[in-house]
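Reviewing the structure listed below.
Just so it is clear, none of the values below were taken in a lab; they were calculated from the coordinates. Remember, predicted model here, so these are calculated numbers, not experimental data. Positions of Cβ are generated from backbone atoms using ideal geometry, with glycine treated the same way; all protein chains shown enter the neighbour counts.
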Amino acid sequence: MKVSSPSPVQNISHQRSYVLAILSLLILMSILLGMNYYAQKQAQLRTIERIQSDVDAEATRFAMLIDRLQSELHQLAASQEVNAYFRNKALGMSMEYGLRASLNNITYLFDRQLKQFPFGGTSIFEHISIFDCSGELLASMPEPQNQSVQRSKVSCQEILPNQSFSNNGILHLQAPVMSDNKRVATMHAEIPYTRIHNHLATRISSGSHSIILHNNLVADPPLDNTPPEFLNLTTRQLGNKEPLLLSVKDPLLIQIMELWRIDHPLLFKSSINGFSMTLLRIESAGDIYDKTAPITILVVMILFSSVIVIFSFRLIHSASRNAALNHYIHELSDSADALREKNQEMNLIIEGAKIGTWAWDVSTGKLQVNNTWSQMLGYKSDELPPHVTTWEERLHPDEVSHVFTAVNDHLAGKSSIYITDHRLRHASGDWIWVRAVGQVFSRDQYGNPVQVKGIHLEITELKNSLLQTEQAQREADSVIANFLDSLLVVDCNLIIRRINKATCALLNYQEKELLGRHVSFLFSDPQTYVSSCFNIPIGNDSPNESDLRNIEMTLQCANGNLLPVSVNLARLKDQHGKTIGIVAGAKDVSALKNALVKTERQHQFIERIFNIVPGGLLVMDADYSILHHNDTYGLLINDWCQTYQIDKESLHRLIQQKMSELLPNHKSGHFSIHSTTSEFFIEFHAAKERTKHHNNWVIYLHDVTSKLQAESVHRLHSTVLEQTTEAVVVSDKKGRFRYVNKAFTSLSGYSLSEIIGRPVSLLKTGTYQKSFYVDLTKTLKSGNVWSGSMAYRHKNHSLFETDTSISPIRNDSGEIICYVSLWRDVSHERILQRQLLQAQKLEAVGQLAAGIAHELNTPIQYIQNNMSFIQDSFTLIHPLINRLQQLRARPVSISDSTWQAQLAKEIVAADLDFIYKEIPKSIIESMQGIGHVVRIVSAMKELSHPGQIDKLPTDFNRLIDNATIVTRNEWKYVATLTTDLDPDLPPVVCDSGTWGQILLNLIVNSAQAIEATHRADGALGNIHIMTRTQGQTLILTIRDDGIGIADKHLDRIFEPFFTTKEVGKGTGQGLSIVYDLVVNKHQGQITCDSTAGQGCSFTLKVPLA
Amino acid sequence: MIRYLIVIPLFLIICSLAPTAALSADLEEVRKQGVLRHLGVPYANFITGQGDGLSVELMQMFAFHLGVRYEYVQSDWDQIIDDLVGHRVTLNNGNPVKGEKVVVRGDLIATGMTIIPWRQQIIDFSIPTFPTQVWLVSPANSPLRPISPSSLAEDIAATRKLLQQQRLLSKRNTCLDPDLYPFAHDNFTTIYFSGSLNEMVPALLQGAADITLLDVPDALVGLTSWPGRIKILGPLSEEQEMGVAFRKSSPQLKNAFNEFYLDLRKSGAYRALIKKYYPDVFYYYADFF
């Protein structure tokens, strides 16, 4: 195969592509050049920014370093050693006796400071010294070599800006030394700039050169003859961050350039914040600031790019021309080859097809034929004269006229080609059929034909075959048309090509109405079905003959009537065996069809009945072989096999075996089948079908495993419910008993018949507040479980206590339908608990008895004293009273001097003024004492009162007051008890007796914890009690600074009988009872926060209501 | 005959051992035993109690010089001389009296012991190794004002005036016992301190007394340890000296130490030791060094 070269059109498109590529290249190079220029500029800017950033960072580090050094100097000035010296001096100590040592300590301090090397191998300080306010050098390190520095020019009165200055490349730092808020000395440190610079140099890029200006003087590096012009220049022009390109005429710059060998110095500046310093960085501008470099690179790149583009263009142009020339040469060569091949092909075709060729010169009548033409007529090649008459003479007379007409029409140009079939006389005298094809090949200038060429192809056999076929076709048409039954012929596309009269009559159509229609038009069956029935393979594959016979179809008459027919099909084949159509014969089977449909319907009806039975239905013969079964049985078998992991054959065998065992004696019942994993139960019902020919069993089977298991579980539940010791109550939404178990009847005293249907409120005690039941109902209606203690009234009106749990029961739609209650009788436990609680409380109160007695004793003592005084006073005034009574019995004149004298004497004897003055005091004191006693007794009564079940609103602060009073003797010798009680504390709903016990336990615990510290100085500890409210919660905190609780004991302090106290000091029940009362009885929380040796804090949180 | 054969060798053996017993713990004995037992009491920077101190390092160097092992034996001020001489020593009218025998626990005393006359009666001292003086010290907040220095005699006289009506903290059997000095009968109340010398400054600051006696080494340590909390009022004694104490029966050991000490001073090593533990002392007693 030859590869075709690109055509000229392709070449043009290629050239366009080249041009586009060149343009793209130009654009791309332009972009690259632009980007290159931009990048060059940006790189320069970034370099400048980076250097400026470095300079700023260096300045910042410089400032931080100086700040740190200044800070260290201040620390030295404020050091203990320096301070001690001036304090000792102020105390009057002399150098001879002690003060010298203090001063030496300062020297050692300086020495230590100098020996610290935070900045590498050397101290950054060159010199540290301290001068007093007279300028006298007190201490210095290193010690001065000459005496000239013994005095400083700086005195305490001078105020130093920034306390730093520069001199001879040395940074001088100063810090005031203060003592008793007076400046007493000045610390002075000297740091060479070079040393700072060296320290920072590790962070400065190599090749950089820096200058430090201090107060506008060049501090570093040391330069000779610093010209003021330079300083003016830098301070005037370096006002912004832009680097400055210095003038080479600057004298200092010349010096710098010589020093650092820089040609074009570029100056960067940054102020050192906080100090009068400026950092200057000098870089070589030639390295970073060449403005011409980007432009030079740009021009060179453009020139280079242009040369490349021009060269590329010329190269592409030459290549294009060469390609076109090559293409033309290739085309010529290909055409010659093609022509040669074409001629060879034509000759081969002509010879192979036995085609006779002729060429007719119209003007001369000369006819040139090939050998095949002569041989076709039975002549040799040279036997026939080469003239057109040779052909004309041999034409069949019947065809001369139409042949000549066709030839003349073509010669006249009426047709583009001449084609005709005609007969020629063979040498044998027979006529042969030829097909003539000719064409004018050339004409003269007038349009007359000159050269005509053509071929003659013998078609005698073809013509004969066509005639025979036409005859057969006529015969077949006659047979089909006159066939008595329905007969029709369709082609391969199932289009009706023939249909006989009988069919047309049967369907009441005219033949022409049906011809050309799709065969499905005749049938009421779906077109797909019809097509599938007639869809006989077209190839040589032989269809199954059964598929072509008795096909049930339904014809549809013109009036719509349906005719069931039985159709037989046969293939029509051509002479090559190829199927060209189908012949279909149809026979009316409507009567037979009706009968079959009826039978089928009956069968389906029976089958449906058989399958809708909700269990397995099977028919067994006398040998118990399964003859027939319904679908449900099959499903059941599959289900059992999967559920119980048993194979199908074994299951069938087992069922047959069971049936053979059971059916002779039982017509119904159930049996079990054991699989490897479980057991399941099958119920059966059987009936015997007796006929003349057989005795079959009709058996109904279904799975009763779930039913039997449910019955078993139900029996177990019933047994459990009836035999459980807890009362089980089911009540409806209206609160009426629906079910109770035996435990309930024994607990409540009511029998089953007495209680069912009665309201639950029958057992109410009347001791609970309404809010209790409101909360309970609210909890249950919200779908939650209520649990808690509840008392009920027995049939005999006594009370019994239970731990009750009530749960709502919902139906499938989530609606609450009833409530289930479990009652556990805890009456006996409650009695024991209350007895234990009271016993513990009495025990606690009993332990306090001695202290309380002591508390009572004091007021009673002075009450007794006062009473004795009053008694004595009455004895003294008794004569006076008698005298007055005598006066009432025997009145005397008030002016009776004797009586007056006696009265005066008795008044003096009774010391009436004293008594009159003191008795009221005694009474007040006694009343106070009695009040104190009453308060203690009252507190005792309240705290030792037996616990109540009900919680009542209580003044909690008062409870705390009572507890502190009762326990006073326990803590007053070891601690100071303070309270911080919330004045706005609302009444707390609680059991006051229980809380009294809690408070007693905690306060006594705190007192004992403080006592255990055994404070050597006899100082009192502290107990602090605080109440607060947080929302609806009471927070009680009891804190002490006693011995505390070790971490390892913290987790166990609430355990019963756990104690860390000495033997006899505690039983270990106090905190466990407190925990039980707070957490379980009051639904509160208690936490303990303690550190061993530092005290303990208990925090109790309980709901206010 | 047989009896003589037994007794005579036994007598000879006892005679040969007698000189050895008399020279027990003298130089040869120390070398023989291979250990130098250093008696000391933690005091100032002489014996810090932490394994170092001027005296500790000095004795370690001396032991190394002798080629024996060094062993520190801790004692206290009340019985350190007893531990050296092997007798209970008491003072009778300012004179030491040997009492009952006790165990000899050390070969020398080096703990900043001041050379005072009564001690010289019962033990020998080396060449003075450290200068000292007794100073009067008070808390910084004391109303007493330090003296204005002039001559030492006038300074002592001025300082004695400060003793009037004061409670003076002292320590028996040390150089801080007022009985050793002329001011013993001035008008002040002596409070004898039962703790160690190192605890006298803290005791003073806690109000155990109004003023206290301190020797110079301890005062210098106190000024460093309690800067600004105490003040030196003035001197109460002439300049004194400290030295290493030996048994009267250990002259060779004493001589060996004196030679060693002189060499040490010449070499500058002793000055380095002093600078390490008492850098300030050079300013006060430049002549001594």
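Starting at the first residue of the range A:356-365, write each ³J(HN,Hα) from the Karplus equation 6.51 cos²θ - 1.76 cosθ + 1.60 with θ = phi - 60°, in whole Hz, x for Gly and Pro.
x, 10, 9, 9, 10, 8, 5, 5, 9, x
Pulled fully out, how much extra length does the chain show between A:Val300 and A:Met867, if you take 0.36 nm times their separation in residues and subtract their Cα-Cα distance? Numbers along the way, then the final one.
Numbers: separation 567, 0.36 × 567 = 204.12 nm, distance 12.97 nm.
Using 0.36 nm per residue and subtracting the Cα-Cα distance, I get 191.2 nm.
The range B:213-282: which GluC sites (Glu not before Pro) are DSSP loop and have at most 12 other beta-carbon atoms within 10 angstrom?
Details: sites: B:Glu238, B:Glu239, B:Glu241, B:Glu259; in loops: B:Glu238, B:Glu239.
Of the GluC sites (Glu not before Pro), the ones in loops of the range B:213-282 whose Cβ has at most 12 other Cβ atoms within 10 Å are B:Glu238.
Using only the alpha-carbon atoms, how far is helix B:152-162 inclined from the longest principal axis of chain B? Give it as 0 to 90 degrees, nearest 10.
Value to nearest ten degrees: 70.
Within 11 Å, Cβ to Cβ, of B:Ala184, how many net charges do the neighbouring residues add up to if Lys/Arg are +1 and Asp/Glu are -1? The partial results should precede the final answer.
Values: positive: B:Arg160; negative: B:Asp177, B:Asp179, B:Asp186.
Around B:Ala184, the charge tally is -2.
In degrees from 0 to 90, rounded to the nearest 10, what is the angle of the helix A:912-944 Cα long axis to the longest principal axis of chain A?
30
Sequence gap at least 6, Cα distance under 8 Å: using those rules, report the relative contact order of chain A to the nearest whole percent. Don't jump to the answer; show the numbers that get you there.
Working: 1609 pairs, mean separation 44.3, N = 1105.
In percent, rounded to a whole number, it is 4.
Tabulate in residue order the Karplus-calculated ³J(HN,Hα) for the range A:575-583, using 6.51 cos²θ - 1.76 cosθ + 1.60 with θ = phi - 60°, rounded to whole Hz; enter x for Gly and Pro.
5, 8, x, 7, 5, 10, x, 10, 9
The range B:164-202 to the range A:960-1029: how many Å between their Cα centroids?
Rounded to whole Å, the Cα centres lie 52 Å apart.
At A:Ser134 and B:Asn141, where each label point lies 7 Å from the Cα along Cα→Cβ, what is the point-to-point distance in nanometres?
3.1
Can you give the mean number of other chain Cβ atoms that lie within 10 Å of the Cβ atoms in peptide A:102-112?
On the way: counts 6, 2, 9, 6, 0, 3, 3, 0, 0, 1, 0.
Partner Cβ neighbours, averaged per residue: 3.
So which lysines can A:Lys354 reach, going by Cα to Cα under 19 Å and dropping same-chain residues fewer than 8 places off?
A:Lys342, A:Lys380, A:Lys453, A:Lys463
Which of the pairs B:Lys171/B:Lys275; A:Lys512/A:Lys587; A:Lys764/A:Lys795; A:Lys115/B:Lys276; A:Lys667/A:Lys688; B:Lys171/B:Lys254 have their Cα atoms more than 19 Å apart in this structure? Write out the running numbers ahead of the final one.
Details: B:Lys171/B:Lys275 28 Å; A:Lys512/A:Lys587 22 Å; A:Lys764/A:Lys795 11 Å; A:Lys115/B:Lys276 16 Å; A:Lys667/A:Lys688 9 Å; B:Lys171/B:Lys254 28 Å.
In this structure, B:Lys171/B:Lys275; A:Lys512/A:Lys587; B:Lys171/B:Lys254 lie more than 19 Å apart at Cα.
Starting from the Cα of A:Lys917, draw a straight line to each of the lysines and keep only those under 25 Å, dropping any in the same chain fewer than 8 residues away.
In chain and number order, the partners are A:Lys905.
So what's the net charge close to A:Asn866: Lys and Arg +1, Asp and Glu -1, counting the other residues with Cβ under 15 Å from its Cβ? Intermediate results must be reported in sequence, preceding the final value.
Values: positive: A:Lys917, A:Lys921; negative: A:Asp872, A:Glu918, A:Glu925.
Combined, the nearby Lys, Arg, Asp and Glu give -1.
At 0.36 nm per residue, and after removing the present C-alpha to C-alpha distance, how many nm does the segment from A:Lys692 to A:Ile606 gain when stretched out fully?
Details: separation 86, 0.36 × 86 = 30.96 nm, distance 2.15 nm.
Net length gain for the segment: 28.8 nm.
Report, by chain and number, residues whose modeled amide H sits under 5 Å from the one on B:Leu236, excluding near sequence neighbours (fewer than 5 apart, same chain).
It is B:Val134, B:Trp135, B:Leu136, by chain and number.
At A:Ser381 and B:Lys161, where each label point lies 7 Å from the Cα along Cα→Cβ, what is the point-to-point distance in nanometres?
Going by the 7 Å Cα→Cβ label model, 17.6 nm.
Arranged from highest to lowest average of other beta-carbon atoms within 10 Å per residue, in what order do the peptides A:924-933, A:801-810, B:265-274 appear? Please report the intermediate quantities before stating the final value.
On the way: A:924-933: 15.3, A:801-810: 17.3, B:265-274: 13.7.
Sorting A:924-933, A:801-810, B:265-274 by mean packing, highest first, produces A:801-810, A:924-933, B:265-274.
In the range A:365-435, what trypsin sites (Lys or Arg not before Pro) fall in a loop by DSSP, with at most 12 other Cβ atoms inside 10 Å? Numbers along the way, then the final one.
Working: sites: A:Lys366, A:Lys380, A:Arg394, A:Lys414, A:Arg423, A:Arg425, A:Arg435; in loops: A:Lys380, A:Arg394, A:Lys414.
Passing both the DSSP loop test and the Cβ count: A:Lys380, A:Lys414.
Can you give the local net charge around A:Cys1096? Use residues other than it whose beta-carbon is closer than 9 angstrom to its beta-carbon, Lys and Arg +1, Asp and Glu -1.
On the way: positive: A:Arg1039; negative: A:Asp1040, A:Asp1041, A:Asp1089.
Charge balance in the 9 Å sphere: -2.
At a Förster radius of 25 Å, what calculated FRET efficiency corresponds to the Cβ-Cβ distance of A:Lys414 and A:Cys492, to the nearest 0.05?
Efficiency computed from Cβ-Cβ geometry: 0.05.
Once amide H atoms are placed 1.01 Å from N in the peptide plane, what residues at a sequence separation of 5 or more from B:Ser170, or on another chain, have their amide H within under 5 Å of its amide H?
So B:Ser170 has HN proximity to B:Ile191, B:Tyr192, B:Phe193.
Can you tell me the orientation of helix B:2-22 relative to chain B, as the angle in degrees between its alpha-carbon axis and the longest Cα principal axis, to the nearest 10?
Here the helix axis deviates by roughly 20 degrees.
Between A:Gln645 and A:Lys707, what is the label-to-label distance in nm when each label sits 7 Å out along the Cα-to-Cβ direction?
2.8
Please sort by residue number the chymotrypsin sites (Phe, Trp or Tyr not before Pro) in the range A:365-394 whose DSSP state is loop and whose Cβ has at most 16 other Cβ atoms within 10 Å.
Numbers: sites: A:Trp373, A:Tyr379, A:Trp391; in loops: A:Tyr379.
Answer in residue order: A:Tyr379.
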